[in-house]
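Have a look at the structure below, then the notes.
The values are calculated or read from the model by the stated rules, or taken from the named source; none is laboratory data. Bear in mind that the values here come from a model prediction, so they are computed numbers and not experimental data. Every residue, glycine among them, receives a Cβ derived from its backbone with ideal geometry; neighbour counts consider all protein chains shown.
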Amino acid sequence: MLKTLRIALACLVLAMAPKAHAAEQVDLLLVLAADVSRSVDQPKFQLQREGYAAAISDPRVLEAITSGAKKRIAICFVEWSGATAQKLVIDWMMIDGTASARQFGDQLLEAPRSFADRTSIAGGIDFAMTQFERSPFEARRKTIDVSGDGTNNSGRDVTTARDEAVAKGVTINGLVILSDRPLPWNPEHTNPPGGLGNYFKQNVMGGPGAFVMVAENFESFGMAIINKLIAEIAAVEPKRKSASLEAPASAR
């Protein structure tokens, strides 16, 4: 009798316990990872912030979002600099139309700058990967969108971070911000041999359909972000000729 009572009480406790809710399904989990290292001056910083805020509300981007099977994606925005300098600026948000897109953009424009340290692209990738683990949403596709203006000069090897992320099924795309003038104290940081776009292609991008886009000036940056988001959301070939569409064999 006592055993039966214990079993009944255990079943009652289990019945009263809160049930775990299945994560909401979206078409894409997208981490926007922006470089805010020392080489990113205030104009470049504003360029990134305003560019992403405007692009996510662009009608063409919203059309790509609502054309997916789930008609929604989830995004978060992180800023990264040195090996130990990463910050979640905007936590995971579902974007399913104009209202949510504008809310994301407004929050992004209001948030203060996080850092101005060295450049650890590897640290940015690693931090972005932890965001996928804590996301309240689920998707078959996971992408990290890395924007930056220099080479990895802090923390661990960037190709190792890239390869580990790709091995877990994540695609990493790059958006390169070219510098008109090399840094006087380290010119090869923003202008490495072969160009920064090629550096990102060889060391940063990876995964299925990975690509790099190059923003050559202020005017082209906004359009590059729009085309990049459309390509990432819709999983289609980018329109810009400057995009590199094929990752090196080690990154696939």
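A few notes on this one:
- The one condition from (1) in contact (Cβ under 8 Å) with a residue 24 or more places away in the chain; (2) out of contact with any helix residue (DSSP H, G or I) (no Cβ under 9 Å at 6 or more places or on another chain); (3) among the hydrophobic types (A, V, I, L, M, F, W, C) that Ala99 does not meet is (1).
- Flag if Thr190 is over 19 Å from the mean Cα position of the chain (by Cα) and on the phi < 0 side of the Ramachandran plot: yes
Listed here are the residues, each with its yes/no results for (1) touching a residue at least 12 places away in the same chain (Cβ under 8 Å); (2) aliphatic (A, V, I, L, M); (3) over 25 Å from Val40 (Cβ atoms).
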| position | (1), (2), (3) |
| --- | --- |
| Trp80 | yes, no, no |
| Thr84 | yes, no, no |
| Ile90 | yes, yes, no |
| Met94 | yes, yes, yes |
| Phe104 | yes, no, no |
| Pro112 | no, no, no |
| Phe115 | yes, no, no |
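- Filtering the range 189-206 to residues that are over 9 Å from Thr151 (Cα atoms) and either basic (Lys, Arg) or surrounded by 23 or more Cβ atoms within 10 Å (Cβ to Cβ) (or both) leaves Lys201, Val204, Met205, Gly206.
- When we screen Gly169, Gly148, Gly155 for residues that are within 17 Å of the chain's Cα centre (by Cα) and surrounded by 21 or more Cβ atoms within 10 Å (Cβ to Cβ), the only hit is Gly148.
- Once the range 36-61 is narrowed to residues that are among the hydroxyl-bearing types (Ser, Thr, Tyr) and either free of Cβ contacts under 8 Å to residues at least 60 places away in the same chain or in a helix (DSSP H, G or I) (or both), the residue that is farthest from Ala85 (Cα to Cα) is Ser57.
- Scanning the range 178-220 for residues that are in contact with a Leu (Cβ under 7 Å, 6 or more places away or on another chain) and modelled with pLDDT under 90 yields Leu178, His189, Thr190, Ala215, Glu216, Phe218.
- Scope the range 121-173; condition at pLDDT 95 or above and on the phi > 0 side of the Ramachandran plot; matching residues: Gly169
- Entry remark, the range 89-134: residues being part of a loop (DSSP other than H, G, I, E, B), crowded, with 19+ Cβ neighbours inside 10 Å and either touching a strand residue (DSSP E or B) at 6+ places or on another chain (Cβ under 6 Å) or among the hydroxyl-bearing types (Ser, Thr, Tyr) (or both) number 2 in total.
- Every residue from the range 17-50 that is modelled with pLDDT under 50 and of a type in the set (A, V, I, L, M, F, W, C): Ala17, Ala20
- Selection status of Ala64, closer than 29 Å to Asp163 by Cβ, surrounded by fewer than 24 Cβ atoms within 10 Å (Cβ to Cβ), at pLDDT below 95 and among the hydrophobic types (A, V, I, L, M, F, W, C): no
- Check on Lys70, over 25 Å from Lys44 (Cα atoms) and either surrounded by fewer than 21 Cβ atoms within 10 Å (Cβ to Cβ) or touching a Phe, Trp or Tyr at 6+ places or on another chain (Cβ under 8 Å) (or both): yes
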